[in-house]
Amino acid sequence: LALREALLSGLGITRTPTFVVGQAIRQGQLINLLDGYETLQLSIYLVYPQRRYLAPKVRAFVDFMAERITENPYWDDFSV
């Protein structure tokens, strides 16, 4: 978050994940200089036992991640 604050203070440019600066971009506080530039896409994997009686907290976390981490995450939506 220190990097985000430095950007908002006008101290330079950086390649920063949109989940860190997406809100500032939507609010017009920051701009995306390299809009067409794409970085290496990384994957997230959840590894857990496929059990019939999975602990409710594990099931809740798996469901949460499946809902929030999608191909087009909400933090990349700059249309608002």
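Values computed for the structure shown
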| quantity | calculated |
| --- | --- |
| Whichever residue in the stretch 17-33 is touching a residue at least 12 places away in the same chain (Cβ under 8 Å) and more than 19 Å from T70 (Cα to Cα) and, among such residues, is surrounded by the most Cβ atoms within 10 Å (Cβ to Cβ) | L30 |
| In the stretch 23-73, the residues that are modelled with pLDDT of 80 or more and acidic (D, E) | D63, E67 |
| Test: R4 is touching a Ser or Thr at 6+ places or on another chain (Cβ under 9 Å) and surrounded by fewer than 12 Cβ atoms within 10 Å (Cβ to Cβ) | no |
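Let's see how each residue does on (1) of a type in the set (K, R); (2) surrounded by 10 or more Cβ atoms within 10 Å (Cβ to Cβ); (3) in contact (Cβ under 8 Å) with a residue 40 or more places away in the chain:
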residue: D35; (1), (2), (3): no, no, no
residue: E38; (1), (2), (3): no, no, no
residue: Y45; (1), (2), (3): no, no, no
residue: P49; (1), (2), (3): no, no, no
residue: A55; (1), (2), (3): no, yes, no
residue: V58; (1), (2), (3): no, yes, no
residue: F61; (1), (2), (3): no, yes, no
residue: R68; (1), (2), (3): yes, yes, no
residue: N72; (1), (2), (3): no, no, no
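The values are calculated or read from the model by the stated rules, or taken from the named source; none is laboratory data. Since the structure is predicted, the reported quantities are computational estimates derived from the model, not experimental observations. With ideal geometry, Cβ positions are generated from the backbone for all residues, glycine too; neighbour counts draw on all protein chains shown.
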